[in-house]
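The values are calculated or read from the model by the stated rules, or taken from the named source; none is laboratory data. All of these numbers come straight from a predicted model, not from anything done at the bench. Glycine also receives a Cβ, built like all others from the backbone with ideal geometry; neighbour counts cover every protein chain displayed.
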Amino acid sequence: MRRVLTAAAALFFLAACTNESPETGASVPGTEDPTWAVACASGATPIEGVGDLELDCLGDEASTVIGPGEKPLVVVLWASWCGPCQAEAPEVEAFFQQYGDRVDVLGVDTADTRKEGRWFAEDFGMTFPSVSDPDEAVRIGLGVPALPGVAFVNPDGTVAELIAEPGVTAESLTETAESAFGLELA
């Protein structure tokens, strides 16, 4: 019995000295820096309720003006610690992959650390840009009570639709974008 305990203790300490999970062998987030680095583009028009706000791009730390450009903008409020955000991340990515040429998507990593936000984006394979909003300025400005949240913003900066409850899917994002922006996407 003593040999089994000694062997188990040795394996425990050996596993603790690596940055890999003993169960899966995968890299453990937080032990190294994520490589996710999607750049942001500044918007041209302030968002109603948010105003002239600049935040650091999560991907490259460049100062980014929050707002739409020439296309409608879907603003997705998320955080690495938000359980429903984890379920929605693949849905938002699928929407962006399908319609990102017609509708801009901007993620807003809310009340989070840059490193954890970048790990989240990397883990979920997000290809749309996101900004870091540790002080929750966008969430507060839009009046979203808690995460997750999605705002559909017209090119003039007005908020056409706001979803302040969990459960969005690529399909529901498409339907809401069509309705809010008067587009035919599908």
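Here are some notes:
- Options Asp109, Asp133; residue that is touching a Pro at 6+ places or on another chain (Cβ under 9 Å) and among the charged types (D, E, K, R): Asp109
- Reported count of residues in the range 161-176, each being of a type in the set (Val, Ile, Thr), closer than 14 Å to Leu77 by Cβ and touching a residue at least 60 places away in the same chain (Cβ under 8 Å), is 1.
- Scanning the range 5-24 for any residue that is outside the structural domain of Val150 (by TED's automatic domain parsing), farther than 30 Å from Val159 by Cβ and at pLDDT 50 or above turns up nothing.
- Counted as qualifying within the range 106-186 are the strands (runs of 3 or more DSSP E) with 2 or more residues that are at pLDDT 95 or above and surrounded by 24 or more Cβ atoms within 10 Å (Cβ to Cβ), namely 130-133, 149-153.
- Filter result for Thr64 (polar (S, T, N, Q), assigned by TED's automatic domain parsing to the domain that holds Leu106, outside any loop (DSSP other than H, G, I, E, B) and in contact (Cβ under 8 Å) with a residue 60 or more places away in the chain): yes
- The lone criterion from (1) small (Gly, Ala, Ser); (2) in a helix (DSSP H, G or I); (3) in contact (Cβ under 8 Å) with a residue 60 or more places away in the chain left unmet by Gly69 is number (2).
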